[in-house]
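Heads up, the thing below is written out as structure tokens.
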Amino acid sequence: MTLPQTPGRASAEADEIRGTVLQFLKEKTLATPATDQDLFASGVVSSMFAMEMVVFLEQSYRVTIVGGDLKIDNFRTVDAMTQLVLRLRDASDT
Amino acid sequence: MSEPLASERAIVGKLVGDNAESWDLAGELPVTMLRELGARKLLCPEIPASYGGLGSTSRQGGEFTAYVGSLCSSVRSVMTSHGMAAWTVQRLGDPAQRAGYLARLTSGQLAAVAFSEPDAGSDLSTLRTEIRPDGDAVLVDGQKVWVTGARYADLLVVFGRYGDDAAAVVVPTSAPGVHVAPVPAPLGCRAAGHAQVHLDSVRVPAGAVLGGGGQSLSLLVTTALAYGRISVAWGCVGILRACLSAAVRHARQRRQFGKPLAEHQLVARHLAELLAAEQVSTRVCEHASECWDSGSPDVVVATVLAKHVSAGHAARGAAAAVQVLASAGAQDGHVVARAYRDAKLMEIIEGSNEICQIILAQHAMTISD
């Protein structure tokens, strides 16, 4: 059963994920991108790095990124990765 | 600490025996032997027990892979391809696909993975094989080249375009429209069953598309290749161990100018460099496998590094071993002659030296000021 989530809690979760992803990016690439910045177009990361993000997000949030979720668009921005984790966490809660 | 998978080593040691030379010369492995390895779950020991595998860690599976590689790189290559197929199913398949296919891949059926095409080698973004929906089925059309193990395989994991995205689909080699033509005389791993595969409107159920398809090609390929790279890296450790052992044995027994070869300093240097190569390759593989086992994001680059370092050392180490054995090893089928040819292929497959260097250079550019 899924409890209805208040917008406040959802956005707090999103902020936490965004912060964690940004921290990882900073550690790994020395970059501090805007959360809607295209990481591939701006050369911050390569597609190999997208794989690192897959492993990092799976390990950090106990989600599994498989099937059609294994898409570059899901890793294009910090916001997109945040949405992906929120969606997969919701799915695994039910 | 006892060696990982010790009883499994004994089994594979017995099955391979002293046949590696004759298999290399014949260019073919006995398929019954491969099926027995498969049924004993030894072609992909890392598959979890819940799916019928041995549940080995990457480190344990890696050491086992090195052992097989020290005996016969053709068998090890079949392991790599089969293991990559199993890993791809495990990583991309839905629960029913995982249960169904992995049960088959741990009970004696053989699988291979099909990436390369006539016009798409290192640059897989140009691959043309097409997987397209057709009612409750999909049609697969394309041409794949150098598919390791395809000659023996029951199932092929085929990578292709799927609309605007990509997919991996499991195709039985018995399906109408699948044509498998063995590569006549490969430079190395001669008995590994490399083949060209032509897929002519092959119809398989839509349920054979792993995870429903729709992945980005680069992520799909990178996912599958990661297993192939760590497997090849450990296989190269095995090549180096076989070379070191053969070179040491020869340098101890063979006498020239009144003393054993090992007492000639220029020969001793080869032995020192072989030992260094084997040790360095082992350590870099251990590090990558520990990243696999701990779920570290560093696994991606550590695996490319392990593959690159080990393949280069294996190619140079095998050349040095041939040099030490000289005429005693300069004959097709001999352990160092096989190593020399097999190791060269390891610098080409699963990301050539140059592709690995590009990835490592990009990584260097990312992490440094």
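Computed quantities for the displayed model
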read-out: Which numbered condition residue B:167 fails, given (1) free of Cβ contacts under 8 Å to residues at least 60 places away in the same chain; (2) within 14 Å of chain A (Cβ to nearest Cβ); (3) surrounded by fewer than 21 Cβ atoms within 10 Å (Cβ to Cβ); value: (3)
read-out: Hits in region B:73-128 - residues which are within 14 Å of chain A (Cβ to nearest Cβ), part of a helix (DSSP H, G or I) and not hydrophobic (A, V, I, L, M, F, W, C); value: B:88, B:90, B:91, B:95, B:97, B:98, B:125
read-out: All positions within region A:59-76 that are part of a helix (DSSP H, G or I) and either facing chain B (nearest Cβ under 7 Å) or surrounded by 22 or more Cβ atoms within 10 Å (Cβ to Cβ) (or both); value: A:59, A:67, A:68, A:72, A:74, A:75
read-out: Test: residue in region B:215-226 that is under 22 Å from residue B:312 (Cβ atoms), within 27 Å of the chain's Cα centre (by Cα) and surrounded by fewer than 18 Cβ atoms within 10 Å (Cβ to Cβ); value: no
read-out: Unique match (being part of a helix (DSSP H, G or I), without any contact (Cβ under 8 Å) to a residue 12 or more places away in the chain and either among the hydrophobic types (A, V, I, L, M, F, W, C) or under 30 Å from residue B:162 (Cβ atoms) (or both)) among A:50, A:12; value: A:12
read-out: Unmet requirement for residue B:134, which otherwise passes all of (1) out of contact with any Gly (no Cβ under 7 Å at 6 or more places or on another chain); (2) buried (at least 17 other Cβ atoms within 10 Å of the Cβ); (3) farther than 19 Å from residue B:92 by Cα; value: (2)
read-out: Hits in region B:196-247 (condition: within 25 Å of residue B:298 (Cα to Cα), touching a Leu at 6+ places or on another chain (Cβ under 6 Å) and not in a helix (DSSP H, G or I)); value: B:215
read-out: Among (1) closer than 25 Å to residue B:198 by Cβ; (2) of a type in the set (Ser, Thr, Tyr); (3) outside any loop (DSSP other than H, G, I, E, B), the one test that residue B:70 misses; value: (1)
read-out: Any hit, region B:205-218, residues being more than 14 Å from every other protein chain (Cβ to nearest Cβ) and either under 23 Å from residue A:73 (Cβ atoms) or without any contact (Cβ under 8 Å) to a residue 60 or more places away in the chain (or both); value: no
read-out: Pairs where the first residue, in region A:18-32, is more than 9 Å from chain B (Cβ to nearest Cβ) and the second is among the aliphatic types (A, V, I, L, M) and surrounded by 19 or more Cβ atoms within 10 Å (Cβ to Cβ), C-beta under 7 Å, 6+ apart; value: A:18/A:78; A:21/A:78; A:21/A:81; A:22/A:78
read-out: Where residue B:284 falls short, out of the listed (1) among the aliphatic types (A, V, I, L, M); (2) more than 16 Å from residue B:244 (Cβ to Cβ); (3) away from chain A (no Cβ under 13 Å); (4) touching a Phe, Trp or Tyr at 6+ places or on another chain (Cβ under 8 Å); value: (4)
read-out: Members of region B:154-193 that are closer than 19 Å to residue B:79 by Cβ, in a loop (DSSP other than H, G, I, E, B) and under 18 Å from the mean Cα position of the chain (by Cα); value: B:154, B:183, B:186, B:188, B:189, B:190, B:191, B:192, B:193
read-out: Helices (runs of 4 or more DSSP H) wholly inside region B:262-363 that include at least 1 residues being farther than 13 Å from residue B:237 by Cβ, out of contact with any helix residue (DSSP H, G or I) (no Cβ under 7 Å at 6 or more places or on another chain) and among the hydroxyl-bearing types (Ser, Thr, Tyr); value: B:265-294
read-out: Flag for residue B:24 being touching a Lys or Arg at 6+ places or on another chain (Cβ under 9 Å), among the charged types (D, E, K, R) and assigned by TED's automatic domain parsing to the domain that holds residue B:73; value: yes
read-out: Region B:16-35, residues that are closer than 27 Å to residue B:104 by Cα and not polar (S, T, N, Q); value: B:16, B:17, B:20, B:23, B:27, B:28, B:29, B:30, B:31, B:33, B:34, B:35
read-out: Checking residue B:181 against (1) more than 14 Å from every other protein chain (Cβ to nearest Cβ); (2) farther than 27 Å from residue B:346 by Cβ, the condition it does not meet; value: (2)
read-out: Qualifying residue in region A:15-30 (condition: farther than 20 Å from residue B:225 by Cβ, of a type in the set (Gly, Ala, Ser), surrounded by fewer than 17 Cβ atoms within 10 Å (Cβ to Cβ) and modelled with pLDDT under 95); value: no
read-out: Some residue of region B:144-161 being under 19 Å from residue B:88 (Cβ atoms) and within 14 Å of another protein chain (Cβ to nearest Cβ); value: yes
read-out: Cβ pairs under 7 Å, 6+ apart, first in region B:351-369 and at positive phi, second not charged (D, E, K, R); value: B:351/B:225; B:351/B:304
read-out: Residue in region A:77-91 that is in a helix (DSSP H, G or I), at the interface with another protein chain (Cβ under 7 Å from one of its Cβ atoms) and out of contact with any Gly (no Cβ under 7 Å at 6 or more places or on another chain) present; value: no
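The values are calculated or read from the model by the stated rules, or taken from the named source; none is laboratory data. Bear in mind that the values here come from a model prediction, so they are computed numbers and not experimental data. Note that we place each Cβ from the backbone using ideal geometry, even for glycine, and neighbour counts take in every protein chain shown.
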